[in-house]
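Peer 1: The structure is given below, and queries will be raised subsequently.
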Amino acid sequence: MSAAPSRNTIDKSEVAKFEAMSAEWWDPTGKFKPLHMLNPTRIEYIVDQIATKFSRDRNSLKPFEGLRFLDIGCGGGLLSEPMAQLGAEVVGADAAARNIPVAQIHAEKSGLTIDYRHTMAEALVDEGELFDVILNMEVIEHVASPQVFLNACAELLKPGGLMLCSTINRNPKSYIVAIIGAERVMRWLPIGTHDWAKFITPDELSVITKKAGLTQLNKRGFSFNPLLWRWSISQRDLSVNYVTASIKPLTATP
């Protein structure tokens with residue numbers, strides 16, 4: 001008999017990369033500068049999708065009150081904190097142990113209560129955790145098995161729950177922009193941060209999302225304009241950074 005496939009999707013070499021940079025999460029000019037630049041655009045998409053799905057007034061003080069979020073691969077908390085500020089109950093999980101105290105200290109200084117944990121999606125499944133929303137942002141290209149990882153995320157969603165998943169497309173343009181441009185020319189990231197072979201095309205993500213039992217609602221691109229030096233959401237340009245919204249059906253499909 002063949003051995004059962006491992007449910008541990010942690011890629012130790014990928015974890016080591018982010019642990020080495022953990023102290024710089026909240027430095028907007030440091031190694032996470034690209035994320036700080038992208039973050040307002042990510043938040044704009046996230047807030048719009050959640051407000052629409054759960055019929056929330058995004059102009060209210062705490063529009064996400066009563067919703068339970070998982071920020072998987074939370075890093076230093078760049079997304080966990082804004083979601084907590086909007087009223088969500090947030091669990092921030094990361095496989096890199098050094099990220100957790102950085103996130104905890106910053107949340108305390110910001111007066112926010114966030115449940116940060118050094119753990120992985122598969123362990124949360126074993127613990128019986130369930131969430132209304134999962135933020136799965138810039139993580140899937142760093143795991144050992146995208147399908148097993150997404151299966152675990154699907155198990156963590158309540159029926160009717162929403163998962164937002166962003167990653168990087170795999171094509172010649174993304175190699176030029178994300179590897180050569182971001183790492184070697186602009187030096188926004190340390191060389192070797194990304195592995196182009198692990199990037200995932202939108203079609204591939206659609207397939208593994210469906211196999212995980214989720215229904216994809218939409219795809220959008222995060223497009224960077226070097227002339228205006230800003231990010232925007234694009235309905236058509238998914239050539240490099242892109243994001244998807246998917247729901248877990250209320251009833252399982254046969």
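Peer 1: Given the conditions (1) of a type in the set (Ser, Thr, Tyr); (2) under 23 Å from ARG220 (Cβ atoms); (3) modelled with pLDDT under 90, report the number of the one that THR9 does not fulfil.
Peer 2: With (1) of a type in the set (Ser, Thr, Tyr); (2) under 23 Å from ARG220 (Cβ atoms); (3) modelled with pLDDT under 90 applied to THR9, the lone miss is (2).
Peer 1: Given the criteria modelled with pLDDT of 95 or more, small (Gly, Ala, Ser) and closer than 18 Å to ASP132 by Cβ, does GLY66 qualify? Walk me through it before giving the result.
Peer 2: On the way: modelled with pLDDT of 95 or more: yes; small (Gly, Ala, Ser): yes; closer than 18 Å to ASP132 by Cβ: yes.
Answer is yes for this residue.
Peer 1: While we're looking at this one, here's another question. How many residues does the range 140-170 hold that are more than 18 Å from LEU79 (Cβ to Cβ) and either at pLDDT below 95 or among the charged types (D, E, K, R) (or both)?
Peer 2: Residues that pass the stated criteria total 4.
Peer 1: Right, something else. I'm trying to understand the selection: among the residues of the range 133-159, which are of a type in the set (D, E, K, R) and more than 15 Å from the chain's Cα centre (by Cα)? So that I can check it myself, show each step before the final result.
Peer 2: Quick first cut of the range 133-159, residues of a type in the set (D, E, K, R) only: 138, 141, 155, 158.
Passing the criteria: GLU155, LYS158.
Peer 1: Further question: Six or more apart or on different chains, Cβ under 6 Å: which pairs go from a residue in the range 103-121 that's open to solvent by 50 Å² or more (accessible area, probe 1.4 Å) to one that's assigned to a strand (DSSP E or B)? Could you list them?
Peer 2: GLN104/TYR116; ASP115/VAL91; ARG117/ALA93
Peer 1: Select from the range 205-223 the residues that are within 16 Å of LEU38 (Cβ to Cβ) and touching a residue at least 60 places away in the same chain (Cβ under 8 Å) and list them in ascending order.
Peer 2: Residues of the range 205-223 within 16 Å of LEU38 (Cβ to Cβ): 220-223.
Correct list: ARG220, PHE222.
Peer 1: Checking VAL91 against (1) open to solvent by less than 20 Å² (accessible area, probe 1.4 Å); (2) touching a residue at least 40 places away in the same chain (Cβ under 8 Å); (3) closer than 14 Å to VAL143 by Cβ, which single condition isn't satisfied?
Peer 2: Failing condition for VAL91: (3).
Peer 1: Also: Quick check on ASN99: is it modelled with pLDDT under 95, open to solvent by 20 Å² or more (accessible area, probe 1.4 Å) and closer than 22 Å to GLU141 by Cα? Don't jump to the end; show me each part of the working.
Peer 2: Details: modelled with pLDDT under 95: yes; open to solvent by 20 Å² or more (accessible area, probe 1.4 Å): no; closer than 22 Å to GLU141 by Cα: yes.
For ASN99, the condition - modelled with pLDDT under 95, open to solvent by 20 Å² or more (accessible area, probe 1.4 Å) and closer than 22 Å to GLU141 by Cα - is not met.
Peer 1: While we're here: Please go through the range 239-254 and pick out each residue that is over 16 Å from the mean Cα position of the chain (by Cα) and buried (at least 21 other Cβ atoms within 10 Å of the Cβ). Lay out the reasoning, then the answer.
Peer 2: Just the residues of the range 239-254 that are over 16 Å from the mean Cα position of the chain (by Cα), to begin with: 239, 248-254.
Selection gives LYS248 alone.
The values are calculated or read from the model by the stated rules, or taken from the named source; none is laboratory data. In this text the structure is predicted, and so the values were computed from the model without any measurement. Reconstructed Cβ throughout: ideal geometry from the backbone, glycine too, with neighbour counts over all protein chains shown. Remember, those area values only see protein heavy atoms, side chains included, never the ligands or the DNA or RNA. Shrake-Rupley method; radii C 1.70, N 1.55, O 1.52, S 1.80 Å.
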